[in-house]
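Before any comments, here is the structure.
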Amino acid sequence: MIDTDNKSEVKECAKCIDLLPLASFQDRKNSKDGKDIWCKACRNDYLANWRKQKFKEDPYIYSLYSSVHNAYYRGQPDYTVSPYEKILCEWESPSDFMNYLEHNKDWMEDWKKQVDIYLETGDLNDKPSVDRINPNGHYSRENIRVKPLGENKLMGASKPCEVWIIKNKQMSSAEVVDVPSKKDLKQILIDRDIPYSLIKNIDEGIIQDVGNNTQIILQSKDGALHKSEKPLYRLETHYQRFLVNLDTNQEYLIVDEVSSFNTGGIRLGRK
Ligand SMILES: [Zn+2]
């Protein structure tokens, strides 16, 4: 036990029972020592799990609740992160905002539709958000709509996709499976015993190992690569030229070159 009166700069976390510096605890106005009883790591863990659980219980309401909160805070006068410096929110509180949307039949219909797409694809780009129609306008009754988080992804779920299935890293003989829409991807992966949580890496140009000496690349048909900031692969070209004596089959190496460059992902094209 730590006596909080002895001015010691450490405190025991009530969850992980680690002794930690006071800076590892969030401020809490109403507590005895002005600090949370759990350390930040434990608190964040707990909140992340709580959010996941809530979403599972009622994905429609919980996702709306968290999106409304974000929108409300972005619409406060003291929120000065660009591009929200001048954006205001018509509602007095997050619960007023929530209450209005929850009882707006058209809104809830659109919202549920987009949540269903998100649940189907598991792609964060498909997660619905409270969007402003006119980007210079406020969060107000006339200026909000349901929009997926990903840019230009309104048609995201119906986008045709490809799964490149690679055996033993032999990409040159990869098999391409056409998927009519992103919504169907999950079933196609399940049918092939591939974990569908990988769908989140679509168009990232990542070669994903799925066991059984099998790798896959997920890409949308006419999409573009979302290249990673940091290089993920090095593309190497080995170039050799031989002269072969036709009588003796003796080989003479004439050119032997290796060139390479780094790339933030790969996009495969059909021959
Ligand atoms: Zn802790």
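The values are calculated or read from the model by the stated rules, or taken from the named source; none is laboratory data. Note that the structure is predicted; figures quoted are calculated from it, not measured. For neighbour counting, all protein chains shown are included, and Cβ atoms are generated from backbone atoms with ideal geometry for every residue, glycine included.
Brief remarks follow.
Table: residues versus (1) assigned by TED's automatic domain parsing to the domain that holds M108; (2) more than 27 Å from V115 (Cα to Cα).
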position: R141; (1), (2): yes, no
position: I144; (1), (2): yes, no
position: I165; (1), (2): no, yes
position: A174; (1), (2): no, yes
position: S181; (1), (2): no, no
position: D184; (1), (2): no, no
position: I190; (1), (2): no, no
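- Residue ID - modelled with the highest pLDDT, chosen from residues in region 1-21 that are in a loop (DSSP other than H, G, I, E, B) and more than 12 Å from the ligand (Cβ to nearest atom): E9
- Close pairs (7 angstrom Cβ cut-off, 6 or more residues apart or separate chains): of a type in the set (D, E) in region 194-218, modelled with pLDDT under 90 and assigned to a strand (DSSP E or B) anywhere: D203/S220
- All conditions in (1) closer than 20 Å to I117 by Cα; (2) among the small types (G, A, S); (3) in contact with a Gly (Cβ under 8 Å, 6 or more places away or on another chain) hold for S220, with the sole exception of (3).
- Residue in region 22-29 that is away from the ligand (no atom under 16 Å from the Cβ) and within 27 Å of the chain's Cα centre (by Cα) present: no
- Whichever residue in region 39-97 is in a loop (DSSP other than H, G, I, E, B) and among the polar types (S, T, N, Q) and, among such residues, is farthest from the ligand (Cβ to nearest atom): S82
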